[in-house]
1. Does Phe155 satisfy the criteria of being exposed (fewer than 15 other Cβ atoms within 10 Å of the Cβ), at pLDDT 90 or above and under 30 Å from Glu212 (Cβ atoms)?
2. What number of residues within region 1-32 satisfy the criterion of being aliphatic (A, V, I, L, M), out of contact with any Leu (no Cβ under 6 Å at 6 or more places or on another chain) and touching a residue at least 24 places away in the same chain (Cβ under 8 Å)?
3. Test Leu179 against the stated conditions and say whether it is of a type outside the set (D, E, K, R), more than 23 Å from the chain's Cα centre (by Cα), buried (at least 16 other Cβ atoms within 10 Å of the Cβ) and not in a loop (DSSP other than H, G, I, E, B).
4. Could you check region 154-198 and list, in sequence order, the residues that are closer than 16 Å to Ala31 by Cβ and of a type in the set (Ser, Thr, Tyr)?
5. Please find, within region 11-27, the residue that is farthest from Phe115 (Cα to Cα) out of those that are part of a helix (DSSP H, G or I) and in contact with a Ser or Thr (Cβ under 9 Å, 6 or more places away or on another chain).
6. Can you pull out the residues in region 77-94 that are surrounded by fewer than 18 Cβ atoms within 10 Å (Cβ to Cβ) and within 20 Å of Gln127 (Cβ to Cβ)?
Amino acid sequence: MKLLLIGLGVATLWTAVASPLAHLDHHLLTAHMVQHLLLMLLAAPMILLGARSIIVPHGLQQQSVLVQRLGIISTYPTLCWLAGALTVIVWHVPAVFELALQSHFWHEFEHGSFFLAGILFWWPVIQPVPGLVTGWSVPLYLFFATLPCDALSAFLTFCGHVVYKPYLSGGGHFRLTPLEDQALAGALMWVSVTFAYLIPALFVTAKLLSDERKPAVEFGGC
């Protein structure tokens, strides 16, 4: 299972940056958005989940220096949360976004930053080094992470004008106008982020409630 998860994560990473999808991102904002979502919401957590099944059984003593340092960073979930939120927000500032479209170096840097931000963001949730972030902080962490993404998604979906000028000349793909493409990209981000963050939050919440009931049941049974 661990190799399958890592393999799926690597395949998702390849899909985002090297597949035919990567050649559409200069023509469709939706394709560009799919790249970001694949990197942060699928590739990063799948690789972390696969890595967790390798790291945890071997304990802390056999972890690499990088893993230990990331584990230390994850004890400050605010930093991990900010890494995810700021990466999304900063790269969608029009001037920064257009810089990535015009420069191969900055485009690749953008991809790398989304993937690294995804690793940092998901680390406190998946916890390859267990026990660093516990309790109700995890569902709250995930819930608040939806807020900046929802605001950006709503803006792209409903603002009524094309935000990124390079896409003004990219109409016609899949019969989408530039404004329809932008609205679709915003809606896709809105729905994807909401499900990707809130579904794990619900599972963690259910587990926490279940764990809280067990002592009460055992006490009642006595």
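1. Working: exposed (fewer than 15 other Cβ atoms within 10 Å of the Cβ): yes; at pLDDT 90 or above: yes; under 30 Å from Glu212 (Cβ atoms): no.
For Phe155, the condition - exposed (fewer than 15 other Cβ atoms within 10 Å of the Cβ), at pLDDT 90 or above and under 30 Å from Glu212 (Cβ atoms) - is not met.
2. Just the residues of region 1-32 that are aliphatic (A, V, I, L, M), to begin with: 1, 3-6, 8, 10-11, 13, 16-18, 21-22, 24, 28-29, 31.
Pick out the ones that are also out of contact with any Leu (no Cβ under 6 Å at 6 or more places or on another chain) and you get 1, 3-4, 6, 8, 10-11, 13, 17-18, 21-22, 24, 28-29.
Now restrict to residues that are touching a residue at least 24 places away in the same chain (Cβ under 8 Å): 1, 3-4, 6, 8, 10, 13, 17, 24, 28-29.
Here the count works out to 11.
3. Working: of a type outside the set (D, E, K, R): yes; more than 23 Å from the chain's Cα centre (by Cα): yes; buried (at least 16 other Cβ atoms within 10 Å of the Cβ): yes; not in a loop (DSSP other than H, G, I, E, B): yes.
Judged against the criteria, Leu179 is a match.
4. Tyr164, Tyr167, Ser169, Thr177, Ser192
5. Pass one, region 11-27, residues part of a helix (DSSP H, G or I): 11-17, 20-23.
The next check asks that each one be in contact with a Ser or Thr (Cβ under 9 Å, 6 or more places away or on another chain); those that pass are 21-22.
On the way: Leu21: 17, Ala22: 15 Å.
Residue satisfying both the conditions and the ranking: Leu21.
6. Those that are surrounded by fewer than 18 Cβ atoms within 10 Å (Cβ to Cβ) and within 20 Å of Gln127 (Cβ to Cβ): Thr78, Leu79, Leu82.
Here's the yes/no breakdown for (1) at pLDDT 90 or above; (2) in contact with an Asp or Glu (Cβ under 9 Å, 6 or more places away or on another chain):
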residue: Lys2; (1), (2): no, no
residue: Leu13; (1), (2): yes, no
residue: Gln35; (1), (2): yes, yes
residue: Ser53; (1), (2): no, no
residue: Val65; (1), (2): no, no
residue: Tyr76; (1), (2): no, no
residue: Gly84; (1), (2): yes, no
residue: Phe97; (1), (2): yes, yes
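The values are calculated or read from the model by the stated rules, or taken from the named source; none is laboratory data. None of the values given here were measured: they were computed from a predicted structure. Cβ: placed from backbone, ideal geometry, glycine included. Neighbour counts: every protein chain shown.
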